[in-house]
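Working notes, beginning with the structure itself.
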Ligand code: FES
């Protein structure tokens, strides 16, 4: 896990839409905060001991504050409910910003595609692209107007003209024809997608079907879809530097098995989303269960995420 060492104060809490709250965080001494780039996130440690990752959604030129927005989801693991319970004035701890979803800055054109609360990193990207005069368009798919966060900010922004909001409950004329958008922009653009897993799979599926190359598809998942682990078996992992072989039981993650033998791997999301635990595989065939690596990177089998991924071969030799 990234070190959650920085104390920050919640200086504002705003209901941006139904069940979506934004939080403005500043240094407690009023000092500047470490800079961040568009697409970055911070780890936030909540009072109940939970740690969650949230994308920064303010303009990345700002150093006096971090802004995040959180969808309250009572079916989630509890982080969003704890976030919504925070009060203005409360002090919490966060990590320095980290970016697993960076913009390619020399792109000819950029298509930003947000599903619901997935708008957060993409709004930050829109700010950045607009400020450097890059060509882009933002498609923002939401369930309804009342669930659409940051409407006023977008309308008042200098890039309002390239934002297209598509409501699930709106008339057919405003629905997103993603195939048409991706066919029109396929030749040279980069695509950035963020939203619920089903939305991401749908979007990336259309991109691949319309001939987009994998290297121009960029995505950030919030959470892994539930997985059936009932058929999981055991296997061995070997630490290359020491030769030690460690058994991973059927009901254990590789990270947990390693930790039980004193080998620690940095983790953050612990569900294959963030890439913090990425480990090189020297021998054996991983069974990838993450959403961090691209399809090509997974096929190469040179690295895997031991927080959730397993092994197809009886043994994996890890570069540890
Ligand atoms: Fe996030 Fe493994 S800890 S991918």
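The values are calculated or read from the model by the stated rules, or taken from the named source; none is laboratory data. Source: prediction; values computed, not measured. Cβ: placed from backbone, ideal geometry, glycine included. Neighbour counts: every protein chain shown.
Mind listing whichever residues of segment 238-257 are touching a helix residue (DSSP H, G or I) at 6+ places or on another chain (Cβ under 6 Å) and either under 27 Å from residue 52 (Cβ atoms) or touching a residue at least 60 places away in the same chain (Cβ under 8 Å) (or both)? Steps first, please.
Looking only at segment 238-257, we keep the residues that are touching a helix residue (DSSP H, G or I) at 6+ places or on another chain (Cβ under 6 Å), and these are 246, 248.
Across segment 238-257, the qualifying residue is only 248.
Inside segment 284-308, residues that are outside any loop (DSSP other than H, G, I, E, B), touching a residue at least 24 places away in the same chain (Cβ under 8 Å) and more than 10 Å from the ligand (Cβ to nearest atom) make up a count of 5. It is to be established whether one or more residues within segment 16-29 are farther than 17 Å from residue 72 by Cα and modelled with pLDDT under 95. Looking for residues that are farther than 17 Å from residue 72 by Cα and modelled with pLDDT under 95, one finds at least one in segment 16-29, hence yes.
Does residue 229 count as at pLDDT below 90, touching a helix residue (DSSP H, G or I) at 6+ places or on another chain (Cβ under 8 Å), more than 30 Å from residue 183 (Cα to Cα) and within 16 Å of the ligand (Cβ to nearest atom)?
Numbers: at pLDDT below 90: yes; touching a helix residue (DSSP H, G or I) at 6+ places or on another chain (Cβ under 8 Å): no; more than 30 Å from residue 183 (Cα to Cα): yes; within 16 Å of the ligand (Cβ to nearest atom): yes.
Taking the combined requirement at face value, the residue does not satisfy it.
Of everything in segment 258-280 that is free of Cβ contacts under 8 Å to residues at least 60 places away in the same chain, closer than 11 Å to residue 237 by Cβ and within 14 Å of the ligand (Cβ to nearest atom), the residue that is surrounded by the fewest Cβ atoms within 10 Å (Cβ to Cβ) is 265. For segment 5-27, filtered to residues that are surrounded by fewer than 17 Cβ atoms within 10 Å (Cβ to Cβ) and closer than 30 Å to residue 264 by Cβ, the residue that is nearest to the ligand (Cβ to nearest atom) is 5.
Determine if segment 41-57 includes at least one residue that is modelled with pLDDT of 90 or more, under 19 Å from the mean Cα position of the chain (by Cα) and surrounded by fewer than 18 Cβ atoms within 10 Å (Cβ to Cβ). No: zero hits.
Residues in segment 213-226 that are out of contact with any helix residue (DSSP H, G or I) (no Cβ under 7 Å at 6 or more places or on another chain) and not in a loop (DSSP other than H, G, I, E, B): 215, 216, 218. Among the candidates 254, 273, 237, 265, the residue that is closer than 27 Å to residue 96 by Cβ and modelled with pLDDT of 95 or more is uniquely 254.
Going through (1) assigned to a strand (DSSP E or B); (2) within 19 Å of the chain's Cα centre (by Cα) one by one, residue 281 falls short only on (2).
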